[in-house]
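Notes follow the structure.
What follows draws every value from the coordinates through simple rules; no lab data is involved. No experiment lies behind these values; they were computed from the predicted model shown. Cβ placement follows ideal geometry from the backbone for every residue including glycine, while neighbour counts extend to all protein chains displayed.
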Amino acid sequence: MVKITDVARHAGVSPSTVSYVLSGKRSISEETRRRVRESIRELGYRPHAGARALASSRSNVLALMIPLRSGIAVPVVMQFAVSVVTAARRHDHDVLLLTQEEGEDGLRRVADSALVDALIVMDVQMKDPRLPLLRSLDRPSVLIGFPADAEDLTCIDLDFHAAGAVCVEHLAELGHREIALIGSPPEVYERQTQTVPRVPVYQHRSQRSRRPAREMRGGQRSAGSATGDRHRPH
DNA sequence: AGAAAATGTCAAACACGCAA
DNA sequence: TTGCGTGTTTGACATTTTCT
């Protein structure tokens, strides 16, 4: 195995200089940097992840907890996962995947053992049981979804308000006057994932004096269809 | 010539297994 | 129980170069 000392000897510098070339945390002259990079390439050096974690107290690994169960659109989850992995690689990090089944124990395991530097948690619910734990850990975390009590947490989500507005404006401009919103499956509502109840029902300004937009939850039959009042997008 | 900036090196530290 | 070895990072220090 090629070590940093081998690279240093080959390039005629000290190991610390090699380390600084790799991390970019200090300025190194162009000529020295070129020599070190050349030696790294020639020798095929790859830093030892364990030794690096030992010295820096950082693993360069992020945990991503994804939901995998009924009612979850796996392709959508995978889009998030791929984005996380791609962005992590751009910053020289890798991603450790956890399923939601592992729950708080899983999060505690990877955080307390220093297996990961930070945690990303998907499918956050209004009253999510994982929140007290995430607050207590000495690792930063980011939630995808907004819980009820989010003041001290870092949360992100899609802009459903903007998405709803854009959809309604678009359909209204095409001349549609009755618009139905078909929501998620019933179990998503039962679980009270934060984003779903907050999906706004928009009315285009031209139809405010007319009938309101209606929302249909996934898997439900519309009341209108039972009575002959059809909410048909047209 | 002296100060400041740039560059390079040294040595301690990290967590843990293993041998003495 | 103690000390060593592992590979790397990083704060502190030393040396060289550049600027005023």
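Considering only the Cα atoms of the stretch A:118-157, their convex hull presents on average a projected area of 2.4 nm². The amide H of A:LEU181, built 1.01 Å from its N in the peptide plane, has A:ARG214, A:GLU215, A:MET216 as neighbours under 5 Å, considering only residues 5 or more places off or on other chains.
Spacing of the modelled spin labels on A:GLU42 and A:ARG109, each 7 Å from Cα toward Cβ, amounts to 4.6 nm.
Summing Lys and Arg as +1 and Asp and Glu as -1 over all other residues whose Cβ lies under 12 Å from the Cβ of A:SER16 gives a net charge of +2. With the cut-off at under 11 Å, measuring from each backbone N in the stretch A:156-174 to a point 7 Å along the Cα-to-Cβ line of A:SER83 picks out A:156-159.
Let me make sure I get this right: for the stretch A:61-156, a, b and c are the square roots of the gyration tensor eigenvalues over alpha carbons, sorted descending. Under 1.5 in a/c it's rounded, otherwise prolate if a/b > b/c, else oblate. Which is it?
Details: a/c = 1.41, a/b = 1.05, b/c = 1.34.
Rounded.
For the stretch A:61-156, a crude dipole built from +1 on the beta carbon of Lys and Arg and -1 on the beta carbon of Asp and Glu, taken about the Cα centre, is about 220 debye to the nearest 20. In this rough spin-label picture, where each label sits 7 Å from Cα along the Cβ direction, the A:ALA53-A:GLN125 distance is 3.1 nm.
Rounded to two decimals, what is the ratio between the C-alpha radius of gyration of the stretch A:4-56 and 2.2 N^0.38 Å? List each step's numbers first, then the result.
On the way: Rg = 10.5 Å, N = 53, 2.2 N^0.38 = 9.9 Å.
Ratio of Rg to 2.2 N^0.38 Å for the stretch A:4-56: 1.06.
Seen from A:ASP92, the other residues with C-beta closer than 15 Å to its C-beta sum to a net charge of +4, counting Lys and Arg as +1 and Asp and Glu as -1. Compute the signed sum of charges (Lys and Arg +1, Asp and Glu -1) over the other residues within less than 13 Å, Cβ to Cβ, of A:HIS48. So the environment of A:HIS48 carries a net charge of +2. Residues in the stretch A:64-69 carry Karplus couplings, in order, of 10, 9, 10, x, 9, 6 Hz; the curve used is 6.51 cos²θ - 1.76 cosθ + 1.60 with θ = phi - 60°, and Gly or Pro positions show x.
Note on A:ASP157 and A:ILE182: the model spin-label points, each 7 Å out from Cα along the C-beta direction, lie 2.3 nm apart.
Shape analysis of the stretch A:4-122 yields a ratio of the Cα radius of gyration to the Kirkwood radius, Rg/Rh, of 1.12.
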